[in-house]
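Trainee: Got a structure here, written out as C-alpha cells. Questions coming.
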Amino acid sequence: MVAADMVELREVVSLCTRYLSRELEPGNAIGILRFARDHNCADLTLESTRFVHDRFAEVCQGEEFRDAPREIVVEFLASECLRVDSEYQVRFSSSIGKGRKLSLLLLLLLLQQQQ
C-alpha cells in the first residue's frame, strides 16, 4: 500500500484500503488506525475509527488498546460517537494498561475545558 501510494497507483491503494477494511477486527483495529494515520490514508482512517467507535467494548479489551498511546485513548474516550452499553465500559477501558489513570485524568480535564 505504501509503495503503491508513493508511485501514485491509486487503484492499488484503493484495493489495499478495501482489503484492510475487511480485515478489521477488535484485535487489530488500533494498529490499522495507526497505520492509516501514519500513511495519510483518509478512507482507512475513517473506516478504522468508525470500527473502534462501533465496537469499542471489544476493542478496549485487546492488547493493542492497552499499548496504544495516551492520545489515542483520550481521543476515543472523549468521543461522542462511542457505542457502549454503559459508562462503566468507558471507565473500565480507561483503567486498562500502562498509564491509563493519567489518561483518565487528562480526559476529565479535556471534558471540563469543553464545558
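The values are calculated or read from the model by the stated rules, or taken from the named source; none is laboratory data. Since we're looking at a predicted model, the values are computed, not measured. Note that we place each Cβ from the backbone using ideal geometry, even for glycine, and neighbour counts take in every protein chain shown.
Trainee: Of the conditions (1) at pLDDT 95 or above; (2) part of a loop (DSSP other than H, G, I, E, B); (3) among the charged types (D, E, K, R), residue 50 satisfies every one except a single condition; which number is it?
Mentor: Result: residue 50 passes all but (2).
Trainee: Same structure, new question: If you go through region 71-92 one residue at a time, do you hit one that is modelled with pLDDT under 80 and β-branched (Val, Ile, Thr)? Spell out the reasoning first.
Mentor: Initial filter on region 71-92 (modelled with pLDDT under 80): 84-92.
Imposing the further condition that a residue be β-branched (Val, Ile, Thr) reduces the set to 84, 90.
Yes, region 71-92 contains a residue that is modelled with pLDDT under 80 and β-branched (Val, Ile, Thr).
Trainee: Now a separate question. Return only the number of the condition from (1) farther than 15 Å from residue 18 by Cα; (2) surrounded by 15 or more Cβ atoms within 10 Å (Cβ to Cβ); (3) not charged (D, E, K, R) that residue 44 does not satisfy.
Mentor: Against the list (1) farther than 15 Å from residue 18 by Cα; (2) surrounded by 15 or more Cβ atoms within 10 Å (Cβ to Cβ); (3) not charged (D, E, K, R), residue 44 comes up short only on (1).
Trainee: Pairs, please: C-beta under 6 Å, at least 6 apart or cross-chain, first residue over 17 Å from residue 51 (Cβ atoms) and in region 61-85, second of a type in the set (Gly, Ala, Ser) and in a helix (DSSP H, G or I)?
Mentor: Going by the 6 Å Cβ cut-off, the qualifying pairs are 70/103; 74/103.
Trainee: Determine, yes or no, whether residue 42 is at pLDDT below 90, out of contact with any Ser or Thr (no Cβ under 6 Å at 6 or more places or on another chain) and aliphatic (A, V, I, L, M). Let's see the steps before the verdict.
Mentor: Working: at pLDDT below 90: no; out of contact with any Ser or Thr (no Cβ under 6 Å at 6 or more places or on another chain): yes; aliphatic (A, V, I, L, M): yes.
Criteria not met by residue 42.
Trainee: Quickly run through region 14-35 and pick out the residues that are in a helix (DSSP H, G or I) and within 16 Å of residue 76 (Cα to Cα).
Mentor: Here is the first cut: in region 14-35, the ones in a helix (DSSP H, G or I) are 14-22, 29-35.
Matches in region 14-35: 29, 30, 31, 32, 33, 34.
Trainee: Follow-up question, since we're still on this one. Of (1) at pLDDT 60 or above; (2) in contact with an Asp or Glu (Cβ under 9 Å, 6 or more places away or on another chain); (3) surrounded by fewer than 19 Cβ atoms within 10 Å (Cβ to Cβ), residue 98 satisfies all except one. Which?
Mentor: The number of the failed condition is (1).
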